[in-house]
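The values are calculated or read from the model by the stated rules, or taken from the named source; none is laboratory data. Bear in mind the structure is a predicted one, so any value in this text is a computation, not a measurement. We place every Cβ from the backbone using ideal geometry, glycine too, and count neighbours over all the protein chains shown. To get the accessible areas, we keep the full protein, side chains included, count just its heavy atoms, and leave off ligands, DNA and RNA. Shrake-Rupley method; radii C 1.70, N 1.55, O 1.52, S 1.80 Å.
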Amino acid sequence: MPESSGRTVYFEHTVIGAYLRCAAICAETGTEVVVMGPAHTALPDLERLARRKLERRLMQDTGEGS
């Protein structure tokens, strides 16, 4: 979420073999999205991607992304 959105986002990281799973969870709505990448990917890169995916999902859920 953009920093100005005021939403708290939690991240969960799990290594699965050669992959890194990054889940982003909106504290307000409980909405969760997941992205995956190579295990050696920098955490901030996956977190940024997950945050953008979560932002898009929340916009779609409110009808703003149509």
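Quick notes on this one:
- Within the chain: Cβ-based charge dipole about Cα centre, in debye rounded to nearest 20 (Lys, Arg +1; Asp, Glu -1): 160
- Dipole of the chain [Lys/Arg +1, Asp/Glu -1 at C-beta], most positive-end residue of Ile25, Leu58, Ala42: Ala42
- Heavy atoms of the protein chains alone define the surface here; on that basis the chain has 66 Å² accessible area per residue at 1.4 Å probe size.
- Angle between the chain longest axis and helix 43-61 axis [Cα atoms, degrees, rounded to 10]: 30
- Heavy-atom accessible surface of the chain: percent carbon and sulfur, 1.4 Å: 50
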